1. Are there any pairs with C-beta distances below 7 angstrom linking a residue in the range 79-103 that is over 21 Å from TYR223 (Cβ atoms) to a residue that is among the small types (Gly, Ala, Ser) and open to solvent by 10 Å² or more (accessible area, probe 1.4 Å), with the two at least 6 apart or on different chains, and if so which?
2. Scan the range 220-244 for residues that are within 21 Å of MET86 (Cα to Cα), open to solvent by less than 10 Å² (accessible area, probe 1.4 Å) and among the aliphatic types (A, V, I, L, M) and jot them down.
3. State all residues of the range 135-153 that are open to solvent by 20 Å² or more (accessible area, probe 1.4 Å) and either polar (S, T, N, Q) or over 20 Å from PRO79 (Cβ atoms) (or both); if no residue qualifies, say none.
4. With respect to the numbered conditions (1) at pLDDT below 85; (2) exposed (fewer than 10 other Cβ atoms within 10 Å of the Cβ), which one is the sole condition not fulfilled by ALA41?
5. Within the bounds of the range 163-171, is there any residue that is of a type outside the set (A, V, I, L, M) and over 20 Å from the mean Cα position of the chain (by Cα)?
6. So THR131 fits all but one of (1) over 23 Å from VAL224 (Cα atoms); (2) open to solvent by less than 60 Å² (accessible area, probe 1.4 Å); what number is the exception?
7. Pick out the one residue from VAL62, VAL34, VAL30, VAL117 that is of a type outside the set (Ser, Thr, Tyr) and in the same structural domain as ILE254 (by TED's automatic domain parsing).
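The values are calculated or read from the model by the stated rules, or taken from the named source; none is laboratory data. Just so it is clear, the model here is predicted, and its values are computed rather than measured. Heads up, the Cβs are rebuilt from the backbone with ideal geometry, glycines too, and the neighbour counts pull from every protein chain shown. Note: accessible area is taken over every heavy atom of the protein model, side chains too, but ligands, DNA and RNA are not part of it. Shrake-Rupley method; radii C 1.70, N 1.55, O 1.52, S 1.80 Å.
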Amino acid sequence: MLNKLFPPKKITLPNGKIVLQNRSFIPYIVLFLVLCTLLSANFTGFSFKVLIDRIDEFFIIVKAMIPPNWGYISKVWKPLLDTIKMSLLGSLLGALLALPIAVAAASNITKSKVITVVSKTLLSILRTLPTLVTALIATFIFGLGPTAGAVAILLFTVSYVGKLLYEQIETVDMGAFEAMQSIGMTRIQAFRYAVIPQVLPSYISTSLYCFEGNVRYAAILGYVGAGGIGLLIQEGLGWRDYQAVGLLILVLIITVYIIERVSEHFRKKLI
């Protein structure tokens, strides 16, 4: 149909033969994306003029954070440890809970369509809930503090790791699984010895990658009362104590960098 709207270009070769060259749709795609961007900005009230006029305010705030207030460092360690602990706990428990849910969602392992549909729907629902909203709901249930943050991270990890894991399980080579069943093993035993070795490296790598992101998410969760270093950042911005905020951000950047390097080292060993 596109070829009818945009007929191929005729090219005459030196020997007189005429060939057809399909036209590139990239200019039209770029034009369409630009048009969508302008329409979206108009519908949402986004102003490019305000962005250009006010972008210098960002650098003013950054300048106010330098140098950081090093005298504030003694108040940072406990909230920082709370952030790391709720990230680690939520990531670990979430990754463990994601495994049975992913097995239930994998259509090549679980023969019941009802169970697979329910499991996939559960993972889809969890993925649609923003972590901030989940943390806000958790604060009403479990109260303010790291527990609510850990629960929010746990649910996000289940949805993220579970989704990727069941897709990996559905694409594994089932030859070994079927062979083990033919010699008398149960489906659980065959899954343990035939499927898990194939998906285990990717599963651990995905869980480690999720943990990296969860440390950053945990810092944001403080804005809804989930505790951690995010609460201090919120207070510092509220009181316009930009030097203290600068120290908090610097400590958070260093912490996330160290965690990413350690996690990347282990992921390279697994892949």
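1. Qualifying pairs under 7 Å: ALA95/SER207; ILE101/SER119.
2. Selection gives LEU221, ALA226, ILE229.
3. Once the filter is applied, which keeps residues that are open to solvent by 20 Å² or more (accessible area, probe 1.4 Å) and either polar (S, T, N, Q) or over 20 Å from PRO79 (Cβ atoms) (or both), the range 135-153 yields ILE137, PHE140, ILE141, THR147.
4. Here ALA41 clears every test but (2).
5. Yes: one or more hits.
6. Unmet condition: (1).
7. Of VAL62, VAL34, VAL30, VAL117, the one residue that is of a type outside the set (Ser, Thr, Tyr) and in the same structural domain as ILE254 (by TED's automatic domain parsing) is VAL117.
For every residue, the table says whether it meets (1) over 30 Å from VAL262 (Cα atoms); (2) of a type outside the set (Phe, Trp, Tyr); (3) not in a helix (DSSP H, G or I).
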{"site": "THR139", "(1), (2), (3)": "yes, yes, no"}
{"site": "ALA152", "(1), (2), (3)": "no, yes, no"}
{"site": "TYR166", "(1), (2), (3)": "no, no, no"}
{"site": "VAL195", "(1), (2), (3)": "no, yes, no"}
{"site": "VAL199", "(1), (2), (3)": "no, yes, no"}
